[in-house]
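Step one of this worksheet: look at the structure below.
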Amino acid sequence: MDRSICQSPGGASARGASVVGPGAVEGIMKIYTKTGDAGQTGLFGGPRVTKDHARIEAFGTVDELNSHLGLVRTLPGADGFDPLLRRIQCELFDLGAQLATPGAVEERITTGHVEFLEREIDRHEAALEPLTCFILPTGTPLAATMHVARTVCRRAERRVVTLAGRLETTIPANAIEYLNRLGDLLFVLARVANRQDGVADDPWHPAP
């Protein structure tokens with residue numbers, strides 16, 4: 001399992017934490033353990049599953065989304081979005097850890113997190129012109145990269161929906177709703193990023 005979402009019982013990241021077990025050298029967790037070389041990985045407190053298991057696809061795509069948001073934060077013009085994006089990255093860590101844990105666990109992503117995203121959508125959208133047509137996912141490098149993150153977010157949402165459809169599976173109660181709102185927020189933020197640099201929305205027109 002990728003240590004980027006591993007957490008200790010206290011909720012801290014396991015990267016660099018003291019451990020005892022496979023892959024540990026002098027009490028420090030190594031990046032490679034060789035336990036996944038046969039195409040399987042371990043879930044938190046659960047069985048080993050294949051690396052293309054629906055649960056792995058779900059939290060792996062959330063991790064991919066988190067990495068795209070990390071890229072967004074490095075781009076020129078992103079400073080004004082940084083506190084918000086950093087908060088979301090931390091929340092995605094929590095969501096990924098929940099998705100990696102079969103069975104009942106404490107809900108780390110709550111309705112309060114979903115409502116926060118809704119408030120951010122409303123706040124940023126208030127500064128934009130109302131949309132009257134579909135727009136193309138383009139503009140400044142910052143806006144275009146936000147659109148990429150948005151599409152990865154939509155894929156993460158689909159992967160969680162797939163996981164929820166498995167009869168033996170439970171998922172975090174607010175996971176789908178959270179990812180749905182996050183995708184909406186990233187769309188709005190991409191428009192805001194273009195607006196702050198004076199770049200107009202690029203309207204879609206049917207192909208001739």
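In segment 88-131, which GluC sites (Glu not before Pro) fall in coil by DSSP and have 12 or fewer other Cβ atoms within 10 Å?
106
Ordering 72, 199, 152, 62 by the number of other Cβ atoms within 10 Å of each residue's own Cβ, fewest first, gives 199, 152, 72, 62.
Mind listing which trypsin sites (Lys or Arg not before Pro) in segment 123-193 are in a DSSP loop and have 15 or fewer other Cβ atoms within 10 Å?
Numbers: sites: 123, 150, 154, 155, 158, 159, 166, 181, 191; in loops: 166.
Of the trypsin sites (Lys or Arg not before Pro), the ones in loops of segment 123-193 whose Cβ has at most 15 other Cβ atoms within 10 Å are 166.
Distant-in-sequence amide contacts of residue 135, defined by a placed amide H-H separation under 5 Å and a gap of 5 or more residues or a different chain, comprise 204.
Computed from the coordinates by the stated procedures, all read-outs in this text should not be read as laboratory data. Computed from a predicted structure; not experimentally measured. In this analysis, Cβ positions are derived from the backbone assuming ideal geometry, glycine residues included, and neighbour counts consider all displayed protein chains.
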